[in-house]
Amino acid sequence: LSGVGENLRDHVSAGYLFLSPQVNSVPEHRLSAYIMTKSREGLTTPDMQTFLWGPSTEESLKTFLPEVNLPAENLFFLLSTLNKPVSKGSVKISSTDPTSKPIVSPNYLNEVSDIQALISAGKALHSMLSSMFAGGYTPLAPFPDSDAEIEALVRSSASSLYHYCGTCAMGKAGEAVVDPELKVNGISKLRVVDASVMPTIPRCNTMAPCVLIGEMATEFILKKSEIS
């Protein structure tokens, strides 16, 4: 099947790191703030998500930014995330050895529209943060002003949110890997039940959709068992 490994989708984010004048003692999993926004006029639904994250332990900070040598309790991130990225990549096997690492090409920010959306989000974020700067919150790097500077920051700080999906996309026979009941097209008694069957990435964390996919697969299998 030619579609296997193609259409790799993921949520990509660009981050801004700030130094807080106060100690942050609240674990990141207990305090988060999110805002859904649109990067341009004319969109019917939000295509961007900005959220606040504060690494309250040295371990969590070193996991994401090992090069930062500052106390975790005084740092926090503001991340702008593409909810509906246009760029897509691929996953390929590197050899017939099952222990060999695959060749992953995410192609993040390969489409101009993705860059433009993150530039727009960066400008909006700068406007939102103007009052925070006055309150003593300091960006670890000078906040960019021009589109070119914002793009450079986006490309240097872009990272995955680990919401990979789409590489065994659902659709019509001849055009996709699995059918609407998650069965692999052209192969009997084989289903794919994970995030890879999503033909496009949802505007949310992929966990809940994956739970739904698993529940639907259970119904399909039980229904098939009852018929047979």
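The values are calculated or read from the model by the stated rules, or taken from the named source; none is laboratory data. Here the structure is a predicted model, which means the values were calculated and not measured. Cβ coordinates were reconstructed from backbone atoms using ideal geometry, including for glycine residues, and neighbour counts include every protein chain displayed.
If you scan segment 160-169, which residues turn out to be hydrophobic (A, V, I, L, M, F, W, C) and more than 14 Å from Pro202 (Cα to Cα)? Selection gives Cys168 alone.
So which residues in segment 145-187 are among the small types (Gly, Ala, Ser) and farther than 19 Å from Val112 by Cα, if there are any at all? Talk me through it step by step, then tell me what you get.
First pass over segment 145-187, keeping only residues among the small types (Gly, Ala, Ser): 146, 148, 152, 156-160, 166, 169, 171, 173-174, 176, 186.
Within segment 145-187, Gly166, Ala169, Gly171, Ala173, Gly174, Ala176, Gly186 qualify.
For Ile150, the conditions (1) assigned to a loop (DSSP other than H, G, I, E, B); (2) more than 21 Å from Leu8 (Cβ to Cβ) are fulfilled apart from (1). In segment 205-220, the count of residues that are among the charged types (D, E, K, R) and in contact with a helix residue (DSSP H, G or I) (Cβ under 6 Å, 6 or more places away or on another chain) is zero.
Within segment 143-185, being crowded, with 17+ Cβ neighbours inside 10 Å and among the acidic types (Asp, Glu) holds for one residue alone: Glu151.
Scanning segment 183-204 for residues that are part of a loop (DSSP other than H, G, I, E, B) and more than 26 Å from the chain's Cα centre (by Cα) yields Asn185, Gly186, Ile187, Ser188, Lys189, Leu190. I'd like to check something: does segment 116-123 contain any residue that is in contact with a strand residue (DSSP E or B) (Cβ under 7 Å, 6 or more places away or on another chain) and exposed (fewer than 14 other Cβ atoms within 10 Å of the Cβ)? Scanning segment 116-123, I find no residue that is in contact with a strand residue (DSSP E or B) (Cβ under 7 Å, 6 or more places away or on another chain) and exposed (fewer than 14 other Cβ atoms within 10 Å of the Cβ), so the answer is no.
The C-beta contact set for segment 187-213 (first residue of a type in the set (Asp, Glu), second residue assigned to a loop (DSSP other than H, G, I, E, B) and modelled with pLDDT of 95 or more, distance under 9 angstrom, 6+ apart or interchain) comprises Asp194/Cys168.
Residues checked against (1) among the polar types (S, T, N, Q); (2) within 22 Å of Ser87 (Cα to Cα):
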{"position": "His126", "(1), (2)": "no, no"}
{"position": "Phe143", "(1), (2)": "no, no"}
{"position": "Glu151", "(1), (2)": "no, yes"}
{"position": "Ala169", "(1), (2)": "no, yes"}
{"position": "Val177", "(1), (2)": "no, yes"}
{"position": "Val184", "(1), (2)": "no, no"}
{"position": "Thr206", "(1), (2)": "yes, yes"}
